Amino acid sequence: MHGPLSEIGLIEVLQLLERGERSGRLRVVGPDQAAARTLHLVRGRVVALEPDASDAAVVRALIRRHELPADATGAAEIAPDRREAVRAGLARSALGVMLHWSRGRFDFEAGPTADGPLSWSADALVLDLVEAESRRAELADALGGWGGRPALAPAEQVRDGARVHLDALDWRILDAADGRRDLAALAAHLAEPLETVGERVRELVAAAILQLHDPVDDPTRQARVAIDSGRYDEAIERLRARVVQVPADGEAWRTLGLAEVGAGRFDRAIAAWTAWCQALPEATADADALIRAARTMMEALSASRD
Amino acid sequence: MAVPSAPDGGQLLALRHRLDPADPVALANLAWLSARAGELELAQQAARQAAALPGAPRSAWRTLERLALGRTDGLTLAPPDTAARAAGASRGGSPLVAAVAAHREAASAVAEACYQAALGDPALAPAAWNGLAVLHEQRGETEAADAAWQRALAHPSEGAIHNRALAWMRRGDLARGRSLLAEHADRVAESAPLLFLAGYAALLDDDPAMARFAVEAALARDPDLVRAQFTLGLVAERLGRHAEALTAIRRGLMMSPWFVPMVWLLENGSGGSIELADEAADALPKIASDDVLLILGRSLLDAGHLGEALGVFDQVLLREEQHTAALFHRGVVLAKLRRYGEALDDWERLIEAAPGSSLGDVARRHAASARELATLFAPA
């Protein structure tokens, strides 16, 4: 059983294999062809994911989480339930990305497969991911988006609160919450799910240990939000104002090009990306590719009109 | 508004107010955060406080140890759940295990803090007193060591008896060392390290017959006790039993090329003893490894095993280039092998190193002969 992910998504493949109670190895290649993943299935259930949730990956994750010293080569000193919790988190996070792949291919090879540390059904996985998505949406509302920048509250405020019990993730958040990173960057820095970090930050803010500083006024980020919502003209207005103020802001020029494409004005997009190259010469290759694509599109549309 | 980038001391102190002071995991993690924020004093305080509490996680000891070495890298957080915490403690998170580990690494400040923490647990206290006593003895703090040994010997373990006797011997009081071992004759009879120590003390006290009896008994209990094997060779040599001496020392040399005559026995609560080489064993009346090797070399030389004898004298000279006896005897071996030029080199080095010594005089005579012989064997 094999095929391109553009025709059948990974979740459908997993559901088919689950219904057939198939055992074997499912090799999946996404947009990066050099980074293949292998899912091990026993009677239709995912029992292992390599290399993302292998033993070596678990050790690396525990080191990154400061639960093992940097020179650790094994995780024997960590309790088995903790190791498996970390493994499950790694697998869930990797699968969350893989399920969105629409490029690449899969190849399933049936055969006897040893039991592994996981035991996930495809349906449970989907439910899990849907639940995480809705938690993210709720939290984004509660936190006013992911742009807030957490930092330790002033000493007098921290001191006056009630007794708290903090776990390892809380301590890592306190360590990394520097008032510069926003919530999204904090979650990425900690390599933890956005919704988990968001919930913890909300609790720490409620406990008067952290405070959330307003997002930095970033017109490019605001413009991106507008683009995501289809408000291209609003995005263009913000970005034009930005590049007038800071002509060397390459990211603003790049985003302006995207907004112009969204609005169907390819000639202006090409102009914006040309300015992007001038502001950021190291982006020339990326900009050229986009400019070529915009020209092709412009010519195609022009030919179609003719 | 400006936002601070890392927690400052005031914020960390305020945070400490919010934590349960009886929770070693919370305190250990506060130590971690403080160290990463550069608040090292606060970090050390929190880690010590955590380490003094029952069930302290391994990370508390690790933080203490790293900070004592002036390092802030490699620190870890405590496991996030209680099950893991309990497992961490049972797998070596005890202050005594940490103390012995630090003691073996010569991190004495950390070892002392950890031993002190272990004193709070009645089950660990005797072994902790023993470790503390060794630490004080190594630092030359004899009064503190005596006081600690008194506490350790309230529940006399193999390690406490051994180390106390060894301390007397190091201080030059062989009689008190032997007397202590005699007081605990029942324990001594069942322990290879104690039997060995009794034998070694007897040898130092010029009682080779008793030494032989005790060392052989030690080897009967533990044939792999290398220091007993070497010492048996020394005892046999002292008794004029050269063949036995040769056999024992060669057997010892096969087991390990280095003779470490004295070790401290540390206990970490797991039931056995952990050996710590006594770096200051020079304080003992001199029977050092080089002497053992010299005896072996001479025995091999007398028995005509010239190649092996050469190897043994080479070992001594590798460690001490101007060792006069080794230079002299290697010269003899080389001369017997008709390598007169090299023999001459050794003797000339000896004459230069110890011109007025009796060995120097003999070497001078040998060198004159060797010079003539070297001429005979020189290429035309």
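The values are calculated or read from the model by the stated rules, or taken from the named source; none is laboratory data. The model shown is predicted, which means the values in this text are computed figures rather than measured ones. FYI the Cβ positions are ideal-geometry reconstructions off the backbone, even for glycines, and counts take in every protein chain you see.
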Of all residues being without any contact (Cβ under 8 Å) to a residue 12 or more places away in the chain and of a type in the set (K, R) in region A:157-184, which is farthest from the other protein chains (Cβ to nearest Cβ)? Just the residue, please.
A:R163
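May I ask you to verify whether B:E275 is among the acidic types (D, E), loosely packed, with under 13 Cβ neighbours inside 10 Å and at pLDDT 80 or above? Quick ask: steps written out before the conclusion?
Numbers: among the acidic types (D, E): yes; loosely packed, with under 13 Cβ neighbours inside 10 Å: no; at pLDDT 80 or above: yes.
For B:E275, the condition - among the acidic types (D, E), loosely packed, with under 13 Cβ neighbours inside 10 Å and at pLDDT 80 or above - is not met.
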Per the filter on region A:136-156, residues surrounded by 14 or more Cβ atoms within 10 Å (Cβ to Cβ), within 8 Å of another protein chain (Cβ to nearest Cβ) and over 13 Å from A:A187 (Cα atoms) are A:A151, A:L152, A:A153, A:P154, A:A155
Qualifying position, being over 23 Å from A:A153 (Cα atoms) and not assigned by TED's automatic domain parsing to the domain that holds A:D52, among A:D182, A:D233:
A:D233
Name the residues in region A:87-135 that are under 30 Å from A:P215 (Cα atoms), surrounded by fewer than 18 Cβ atoms within 10 Å (Cβ to Cβ) and among the basic types (K, R), would you?
A:R135
Taking only region A:220-253 into account, find how many residues are assigned to a helix (DSSP H, G or I) and under 21 Å from the mean Cα position of the chain (by Cα).
10
With respect to the numbered conditions (1) under 22 Å from B:E137 (Cβ atoms); (2) modelled with pLDDT under 80; (3) charged (D, E, K, R), which one is the sole condition not fulfilled by B:R250?
(1)
It is to be established whether one or more residues within region A:196-206 are touching a strand residue (DSSP E or B) at 6+ places or on another chain (Cβ under 8 Å), on the phi < 0 side of the Ramachandran plot, more than 14 Å from chain B (Cβ to nearest Cβ) and modelled with pLDDT under 90.
no
Taking A:Q211 as meeting all but one of (1) within 17 Å of A:L143 (Cβ to Cβ); (2) part of a helix (DSSP H, G or I); (3) within 14 Å of chain B (Cβ to nearest Cβ), write down the number of the exception.
(2)
Qualifying residues in region A:284-306 (those that are out of contact with any helix residue (DSSP H, G or I) (no Cβ under 8 Å at 6 or more places or on another chain) and of a type in the set (S, T, Y)) - the one modelled with the highest pLDDT:
A:T296
Quick check on B:A51: is it away from every other protein chain (no Cβ under 14 Å), crowded, with 18+ Cβ neighbours inside 10 Å and at pLDDT below 80?
yes
In the set A:L143, A:L125, which member is farther than 26 Å from A:G3 by Cβ and in contact (Cβ under 8 Å) with a residue 40 or more places away in the chain?
A:L143
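For every residue, the table says whether it meets (1) more than 16 Å from A:A168 (Cα to Cα); (2) more than 11 Å from every other protein chain (Cβ to nearest Cβ); (3) modelled with pLDDT of 90 or more.
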site: B:A14; (1), (2), (3): yes, no, yes
site: B:A26; (1), (2), (3): no, no, yes
site: B:N29; (1), (2), (3): no, no, yes
site: B:A35; (1), (2), (3): no, no, yes
site: B:Q44; (1), (2), (3): yes, yes, no
Suppose the filter is assigned to a helix (DSSP H, G or I), within 30 Å of A:G9 (Cα to Cα) and touching a strand residue (DSSP E or B) at 6+ places or on another chain (Cβ under 9 Å); does A:A185 pass it?
yes
Of all residues in region A:220-258, how many are among the small types (G, A, S) and surrounded by 16 or more Cβ atoms within 10 Å (Cβ to Cβ)?
6
Could you check A:D217 against (1) out of contact with any Gly (no Cβ under 9 Å at 6 or more places or on another chain); (2) part of a helix (DSSP H, G or I); (3) not polar (S, T, N, Q) and say which number it fails?
(2)
Have a look at B:A198, B:A214, B:A280 and point out the one that is modelled with pLDDT under 80 and over 27 Å from B:A309 (Cβ atoms).
B:A280
May I ask you to list the residues in region A:12-32 that are out of contact with any helix residue (DSSP H, G or I) (no Cβ under 6 Å at 6 or more places or on another chain) and part of a helix (DSSP H, G or I)?
A:E12, A:V13, A:L16, A:L17, A:R19
Counted residues, region A:6-41 - those being in contact with a Gly (Cβ under 9 Å, 6 or more places away or on another chain) and acidic (D, E)
3
Select from region A:48-82 the residues that are outside any loop (DSSP other than H, G, I, E, B), surrounded by fewer than 21 Cβ atoms within 10 Å (Cβ to Cβ) and at pLDDT below 90 and write down the one among them that is farthest from the other protein chains (Cβ to nearest Cβ).
A:P80
